[in-house]
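Here, each number is a calculation from the coordinates, and none is a lab measurement. Keep in mind that this is a model prediction, so the values were computed, not measured. Counting neighbours? That spans all protein chains shown, and the Cβs are built from the backbone with ideal geometry, glycine included.
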Amino acid sequence: MPDSAVGRTGPSCRPASPTADGDGLLGKKLGSFVFGALAFALVVPAPLGASDRHEAGAQLSLQSGPAANTGPRASQTRPETQAAPLNAVRYFVEFRSRTGFYGHTYVVYGQLDGRGKRTDVHYAGLYPEGGPVGFMLGHVLPVPATVDAVEDDLTDPVTEAYLRIVTAEEFAKITAAIGRLRANTQLWNALLNNCNDFAAELAQELRLRTPSTLLIPELFVSGLREMNGS
């Protein structure tokens, strides 16, 4: 049998080569795929590196302005300083002695403002009425006396003074006792009811110990201070 006949009718052992149309179709698909991949790479941004994230955060911080302080310091408030009020009122009672024939004992009482200045000051003491005659007669007999201050209490030098800072309750007791003594008739006698007895009665309202009322006024006031402390 001729070789040419076998070549025409037998099956071929080689793969069939692609046609021209098949090559064109495959090329178009491959080109579309490559174009799409390039486009995707251009459109989608690459992930940020460490340095890129730091710069982006800094730019965001600058754009948004200073961040509000919301940490623990923001909630802390500065404690207010509580100064002592300048109008705080305190009370005082001062037992005094002054110069005289053998002296005189009296009390000064009132208020202290926030700066320690004395305000609303009052004077009280037991003093015989009738001038020098009443004073001399009072060494023998009881004579009428006044509880109000006399001029010498305001002008004569003070020889001794004992100051007590008292509470409002104690001050009320002192003023009530003076008011009670002033409302009743008082008698003065050098031995039985003298100026020291008057001061001692007020001191006892404050529960203070008192020395002998027969001492001269200067020694009575100094003894009052020594027995009760400053």
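Some points to look at:
- Applying both filters, DSSP loop and at most 16 other Cβ atoms within 10 Å, to the GluC sites (Glu not before Pro) of segment 108-211 gives Glu129.
- Global form of segment 160-224, assessed from the alpha-carbon gyration tensor, a/c cut-off 1.5: oblate
- Estimated distance in nm for a label pair at Thr155 and Glu226, the labels positioned 7 Å out from Cα along Cα-to-Cβ: 3.3
- Here the Kirkwood formula puts the hydrodynamic radius of segment 90-228 at 15.1 Å, using every distinct Cα pair.
- On the basis of the beta-carbon distance and an R0 of 45 Å, Val89 and Leu191 show a calculated FRET efficiency of 0.65.
- Distance between modelled label sites at Glu169 and Leu206, nm, 7 Å Cα→Cβ extension: 1.7
- The modelled label-to-label distance for the pair Ala176/Tyr102, using points 7 Å beyond Cα in the direction of Cβ, is 3.5 nm.
- When you restrict to C-alpha pairs under 8 Å that are six or more residues apart and normalise by the size of segment 151-230, the relative contact order lands at 37 percent.
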